[in-house]
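Notes for the one structure printed next.
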Amino acid sequence: MTDDFALAQRATPLAPVIAREIADGGGAITFAQFMALALGHSEHGYYSRAGLAWGRAGDFETSPEVHPVFGYLWARQVQECWDRLGRPTLFALVEVAGGSGAFMAAMLTWLRERAPDCFAATRATVLDGHPRRIEEQRARLAALGFEADRVEHALLDDWLAREEAVTGVIISNEFFDALPMHIVERRGEELMEWHVVVDASGALAFELREASTPALRAHFDALGVLPGDGCRAEVCLAAPEVMSQLARRLARGYLVSIDYGHDAPSLYASWRRMGTLMAFRAHSPQPDPLASPGLLDLTAHVDLTSLARAAQAEGCEVASHRSQAEALIALGIGESLDAARERAASDFAAYGAARRATETLLDQAGLGRIRVLVASKGAGIELRCLGEVG
Ligand SMILES: C[S@@+](CC[C@H](N)C(=O)[O-])C[C@H]1O[C@@H](n2cnc3c(N)ncnc32)[C@H](O)[C@@H]1O
């Protein structure tokens, strides 16, 4: 019998590259290695390949793609940060993982229009892991008049390797949840790890093996939690490491990360039997994260406890995280919608779009439940986005 589904799985340009990597790795690689290739292979990775579509036309929709109001509201927060830092004449606004460039485009547009003093001080940097994305981000911002004198574009690793520290804001949206992660499974007192192998039919398959590194057990020991017996869980060793490096690059200012995530006890709760890994294509969850490598977005929820601890270890104060819905309400999304309503008689289409965007961004079953983690260094942490909401 012909197994056409197995053939389809092997038919992406990346599949033979991964199969070679598995052969070179002695017959298995970790899921973290698989994910690094599936998302980041220089030519065929999901985020590095040509022609990646964003938003409705793509595989998933992030908040900056929903409506520019998301970036406008965060720009308000950026302006407040600038004020709290004593209005420095050189103010860094650094976005990690710039996507289509929509988030930075909206933040700079708002600052230019509504906060010209802050805009005059702002030197923006958009970071990404992939040269093709960086070129698209550069083109998008340049088309809006934000050119090299205002915005720098760089590879994240290059920027992290620099010595001098900046004063300002480092912000990211759905970055940490796209970093490669290991998948572990607790079996009694043992912590095993799911690896990726090539099965007898030639298709990529999961296989449970010994943990590839003691760092996985150490991760849980440090947290004082373990997944439930028989439960799968993701461990992203890279996320706290990148958070530490970002915090080190900050002399004074704020780190804001916006991601699907939970505190460790909730992320690793025993009712979460299969972890949180998801694969998406055309806005539909896909059953097999190993299928069609390079064509699926892969993502899992972030361990916010480890991220917060990483920032604290670098001298940051960390506030308890809020939902995106709470943060955007505190930043004034309701007032923005009221203003759009007042103009509805003359521009009903814009009001309709504003209403739909507000619902989408606040949706407690969707984007609204994303968590906002704020850390500050050498500056007060009582930011408007953390304000109490009724
Ligand atoms: C889910 S998208 C989010 C994009 C954007 N922040 C948004 O909200 O629309 C993930 C982004 O992370 C970038 N990325 C993935 N891995 C990365 C890495 N290791 N270093 C830097 N950027 C990375 C991708 O190129 C992409 O721009």
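The values are calculated or read from the model by the stated rules, or taken from the named source; none is laboratory data. The structure displayed is predicted, hence computed values, not measured ones. Every residue, glycine as well, gets a Cβ built from its backbone with ideal geometry; the counts of neighbours run over all protein chains shown.
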Is there a residue in segment 11-24 that is out of contact with any strand residue (DSSP E or B) (no Cβ under 6 Å at 6 or more places or on another chain) and more than 24 Å from Asp297 (Cβ to Cβ)?
yes
Testing Arg56 on (1) at pLDDT below 95; (2) more than 13 Å from the ligand (Cβ to nearest atom), one condition comes back false. Which one is that?
(2)
Out of the residues in segment 62-98 meeting the condition of being of a type in the set (A, V, I, L, M) and either under 18 Å from Ala330 (Cα atoms) or more than 15 Å from the ligand (Cβ to nearest atom) (or both), tell me which one is surrounded by the fewest Cβ atoms within 10 Å (Cβ to Cβ).
Leu90
What strands (runs of 3 or more DSSP E) completely inside segment 234-330 contain at least 2 residues that are within 22 Å of Glu382 (Cα to Cα)?
250-259
Residue check: is Ala211 surrounded by 14 or more Cβ atoms within 10 Å (Cβ to Cβ) and more than 27 Å from Leu307 (Cβ to Cβ)?
no
Between Ala139, Ala106, which is under 21 Å from Glu174 (Cα atoms) and either more than 15 Å from the chain's Cα centre (by Cα) or more than 9 Å from the ligand (Cβ to nearest atom) (or both)?
Ala106
Which one of Gly230, Gly253 is touching a residue at least 40 places away in the same chain (Cβ under 8 Å), at positive phi, more than 16 Å from the ligand (Cβ to nearest atom) and surrounded by fewer than 16 Cβ atoms within 10 Å (Cβ to Cβ)?
Gly230
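Listed here are the residues, each with its yes/no results for (1) within 15 Å of the ligand (Cβ to nearest atom); (2) surrounded by 21 or more Cβ atoms within 10 Å (Cβ to Cβ); (3) closer than 25 Å to Leu111 by Cβ.
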residue: Leu144; (1), (2), (3): no, no, yes
residue: Leu155; (1), (2), (3): yes, no, yes
residue: Ala178; (1), (2), (3): yes, yes, no
residue: His182; (1), (2), (3): no, yes, no
residue: Ala200; (1), (2), (3): no, no, no
residue: Leu204; (1), (2), (3): no, yes, no
residue: Ala215; (1), (2), (3): no, no, no
residue: Phe220; (1), (2), (3): no, no, no
residue: Leu226; (1), (2), (3): no, no, no
Surrounded by fewer than 21 Cβ atoms within 10 Å (Cβ to Cβ) and on the phi > 0 side of the Ramachandran plot, is that true of Gly55?
yes
Could we say that Pro131 is surrounded by fewer than 18 Cβ atoms within 10 Å (Cβ to Cβ), within 14 Å of the ligand (Cβ to nearest atom) and at pLDDT 95 or above here?
yes
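For the structure I just gave you, tell me whether Met192 is in contact with a Lys or Arg (Cβ under 8 Å, 6 or more places away or on another chain), surrounded by 14 or more Cβ atoms within 10 Å (Cβ to Cβ) and modelled with pLDDT of 95 or more.
yes
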Restricting to segment 112-128, and then to whatever is of a type outside the set (Val, Ile, Thr) and closer than 28 Å to Ala178 by Cα, can you tell me which residue is farthest from the ligand (Cβ to nearest atom)?
Arg123
What residue, of Leu204, Leu179, Leu223, Leu246, is in contact (Cβ under 8 Å) with a residue 40 or more places away in the chain, hydrophobic (A, V, I, L, M, F, W, C) and more than 30 Å from Ala375 (Cα to Cα)?
Leu204
Wholly enclosed helices (runs of 4 or more DSSP H) of segment 80-156 bearing at least 2 residues of a type in the set (Lys, Arg):
102-114, 131-143
